[in-house]
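Notes for the one structure printed next.
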Number of protein chains: 2
Amino acid sequence: MGDADFIVIGAGVVGLAAARALAGEGARALVVERRGPGAEASSAAAGILAAQAEAAPPLLKLGLLAREHHRRLASLLEAETGIALDYAPRGLLELAFDDDGERRLLERAEWQRGQGLAVDVLGADEVREAEPNVSRAVRRALFFRDDHSVDNVRLTKALAASAVSRGAALLSGRPVTSLVVEKGRVAGVRAGNEVYRAPVVINAMGAWAGLLGGDPVPPPVEPVRGQMIAFDLSPPLVRHVVYWGHGYLVPRADGRVLAGSTTEQAGFDKSVTAAGLRAILDIALQIAPILADVRVVDVWAGLRPGTPDGLPVLGPGTLPGLYQAGGLYRNGILLGPLVGELVADLARGRPLPLDLGPFTPARFGLGQASASRPTS
Amino acid sequence: MGDADFIVIGAGVVGLAAARALAGEGARALVVERRGPGAEASSAAAGILAAQAEAAPPLLKLGLLAREHHRRLASLLEAETGIALDYAPRGLLELAFDDDGERRLLERAEWQRGQGLAVDVLGADEVREAEPNVSRAVRRALFFRDDHSVDNVRLTKALAASAVSRGAALLSGRPVTSLVVEKGRVAGVRAGNEVYRAPVVINAMGAWAGLLGGDPVPPPVEPVRGQMIAFDLSPPLVRHVVYWGHGYLVPRADGRVLAGSTTEQAGFDKSVTAAGLRAILDIALQIAPILADVRVVDVWAGLRPGTPDGLPVLGPGTLPGLYQAGGLYRNGILLGPLVGELVADLARGRPLPLDLGPFTPARFGLGQASASRPTS
């Protein structure tokens, strides 16, 4: 029988969503987690659901489905767990401060409209009316009214609470070192001296996904560090998610504003550095100079799971019974809950609502691409 | 009899040094402290003993005496308490990166030499030989070989340990709200519901010195915020105290490097802010670009006791039995131990080694200037 029907490695947003989906239909789901739920990128993120602002063609459909999924999930999880997710349907502003920036925004607006997506182009006065503390130097902005945000720390807690209340088992402080492989297929995982047995294993290890022993062709996931700053604000000085270049401000319901982020190849080093902080402060003060005198209450860094082509690694792995659910890079919170459910469906042979072909692990030579095709 | 012969308000470097001196000669000294020893600026500082780099004419003699006093004190305190002060006799480099900066340095060197002080003018190659991680953009530097540094956190702990071991009483968590005044002279202090009695009271309250109730003309001391960053370094990347403009790097014996600082009028708000952090990061990375990728391990702010003319407030107060020992602004660690001993001598009617006239509280209209003249 084994210890479970499904073992999920990693209690981030993806793994918890997968376990919740599996347990919700009576399967025995076991989450084996190195530290604790949400200990890594799922809590370090800013919780931006930027299906449009971060849109790239191969990700657009998955991102839009994931965004829609969040809206429903927030109500469901709040009802199930009593945890307020602070889902904030206020939209996202992306700013331009110069000719180049304006040109890029207008091109993006045109492309997005061609895809049938809602996007408003705002002049400087309209931007400052929508967001009075944006710098007077602003020239123009796009407004993505359907790109919302969620408190990812609360989301992760709620997913964990829901998964457990549905019957999933969650073991924290168990660093999985390798798969257990028997007769050419997955039979469980090993964590230290302990072995947990199940016929299906889902790798939801985030930035650590490439380090799973026993996987003959581990996914080429690499950590990409993102540093963050939290400002203490009361009352809130920023209303919307505000993007500029590669940075952003995100208001939180508790009055803080988060500012991010960097994109750094620094291995598994989660240091907050001088150059990182300075880059984020430059972004934050360019967007909203009023932040200059606001108290910095926290700084941290997280590790995004990056892939060579920037796309997720989602589908069957190299061994029968193994599934990959990772590589979500900058969009882990947006995509995570849906990806968790999709991989759960895939592992149970259910039909999927979209083609996961672009995300198949096989594109890196990991095999078995056929099983990632939609079955309906 | 009262509770003590002398009450010292405030357990920072000044107050602890005063209590240590008084107790060392058998007097009953009682330190009444709002929070705990070294809870404020004495621990927030960087520990630079920059008698020359920070020299302004009225402070020069006091600063030089204080610097010499530190050298002896470090050995004494280490022997008395077993606490290593990490007194670092490595000297201070002050950098110039452009014509203006070079001109200012050369003028300062000339003035200092005119005062008979040791100062070396280094070319770019010599600077980089002395301090290999200084930016390649450096043009010139002054080297003050006698401006050293000390770990001010350890210094404060050692002063507290020494004062107590010599018999001083130290009451923490007692915020003094006012003087007790009887028949026109000081008779003690009030802290909440408690009264402590002594015929002499020394105000060593740092940035809070102007808030002492019952002082008819409180000293015009105002808090001046200084923000700080600590970098984790192993092995140390910086050898000397390195100044540039209003900022600096200071290596600590434990491998950290401190970077500072700001000079801000922000009331009693000890927030670390976006603008403050960015200013310090700009300074730190201008001095030593290698710090860009180094981990930032801590940020904090402290409140310097500033005065209208930037000079200490040192001498008899407005009431008989009251003494002021504060307003040390940017030089609290340099001056504090000596100032504490000087005010102790003054309160006991001892001769002083220098004229405290320029620092008399009377210059702000607080009266009794005559008693601050040297008695020998």
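The values are calculated or read from the model by the stated rules, or taken from the named source; none is laboratory data. All of these numbers come straight from a predicted model, not from anything done at the bench. With ideal geometry, Cβ positions are generated from the backbone for all residues, glycine too; neighbour counts draw on all protein chains shown. When the accessible area is computed, the model is the full protein with side chains, heavy atoms only, and any ligands, DNA or RNA have been set aside. Shrake-Rupley method; radii C 1.70, N 1.55, O 1.52, S 1.80 Å.
Residue B:61 to residue B:239: FRET efficiency via 1/(1 + (r/R0)^6), r the Cβ-Cβ distance, R0 41 Å, to the nearest 0.05?
0.90
Sort segment B:1-48 into rounded, prolate or oblate with this rule: let a ≥ b ≥ c be the square roots of the eigenvalues of the Cα gyration tensor; rounded if a/c is under 1.5, and if a/c is not under 1.5, prolate when a/b is larger than b/c, oblate otherwise.
oblate
Quote the accessible area belonging to residue A:154 in square angstrom, nearest 10, computed with a 1.4 Å probe and with ligands, DNA and RNA left uncounted.
90 Å²
Computing the accessible area with a 1.4 Å probe over protein heavy atoms, can you report the carbon and sulfur percentage for segment A:149-197?
Heavy-atom surface of segment A:149-197 belonging to carbon and sulfur, 1.4 Å probe: 50 percent.
Going by a 1.4 Å probe on protein heavy atoms, which residues of segment A:258-278 end up with at least 30 Å² less accessible surface in the whole assembly than in their chain alone?
The answer is A:271, A:272, A:273, A:274, A:275, A:277, A:278.
Just to confirm the filter: which trypsin sites (Lys or Arg not before Pro) across segment A:170-206 are DSSP coil and have at most 11 other Cβ within 10 angstrom of their Cβ?
Listed in order of number, the matching sites are A:183.
In square angstrom, what is the accessible area per residue of segment A:27-123 with a 1.4 angstrom probe?
Using a 1.4 Å probe on heavy atoms only, each residue of segment A:27-123 averages 43 Å².
May I ask you to give the solvent-accessible area per residue for segment B:219-349, in square angstrom, as obtained with a 1.4 angstrom probe?
30 Å²
Between residue B:263 and residue B:129, what is the label-point separation in nm under the 7 Å Cα-to-beta-carbon projection?
It works out to 3.3 nm between the two label points.
Could you please report the charge total around residue A:306, scoring K, R as +1 and D, E as -1 over all other residues with beta-carbon less than 9 angstrom from its beta-carbon?
Neighbour charge sum, excluding residue A:306 itself: +1.
Residue B:217 to residue B:68: FRET efficiency via 1/(1 + (r/R0)^6), r the Cβ-Cβ distance, R0 35 Å, to the nearest 0.05?
Once rounded, the FRET efficiency stands at 0.55.
Relative contact order of chain B, please, whole-number percent, based on alpha carbon pairs below 8 angstrom and at least 6 residues apart.
23 percent
As a check on your grasp of the helix formula, calculate [θ] at 222 nm for chain B: sum -39500 (n - 2.57) over DSSP H runs of n ≥ 4, divide by the residue count, round to the nearest 500.
-9000 deg cm²/dmol
Averaging sequence separations of C-alpha pairs under 8 Å and six or more residues apart, then dividing by the length of segment B:36-162, give the relative contact order as a whole percent.
41 percent
Normalised by the residues of segment B:228-296, what does the relative contact order come to in percent, with Cα pairs under 8 Å and at least six apart?
36 percent
Across peptide B:296-307, what mean number of C-beta atoms from other chains lies inside 10 Å of a residue's C-beta?
1
Just to make sure I understand: if all protein chains stay in place, what is the order of B:195, A:272 by accessible area at 1.4 Å, largest first?
Correct descending sequence by accessible area is B:195, A:272.
Could you pull the accessible area for residue A:323 with a 1.4 Å probe, rounded to 10 Å²?
40 Å²
Mind jotting down a quarter of the surface of the convex hull over the alpha carbons of chain A, in square nanometres, one decimal?
Its average projected convex-hull area is 18.1 nm².
Just add up the charged neighbours of residue B:38: K/R +1, D/E -1, any other residue whose Cβ is under 10 Å from the Cβ of residue B:38.
+1
Give me the net charge of residue B:226's neighbourhood, meaning all other residues with Cβ under 11 Å from the Cβ of residue B:226; Lys, Arg count +1, Asp, Glu -1.
Here the charged neighbours net out to +3.
Could you calculate the FRET efficiency of residue B:137 with residue B:297 from 1/(1 + (r/R0)^6), where r is the beta carbon distance between them and R0 is 35 Å, rounded to 0.05?
That gives a FRET efficiency of 0.85.
Which whole number in µm²/s is D for the protein assembly as shown by Stokes-Einstein, with the Kirkwood Rh taken over Cα pairs at 4 °C and 1.567 mPa s?
Answer, rounded: 44 µm²/s.
In debye to the nearest 20, how big a dipole does segment A:237-372 give about its Cα centre with +1 on each Lys and Arg Cβ and -1 on each Asp and Glu Cβ?
Here the size comes out at about 140 debye.
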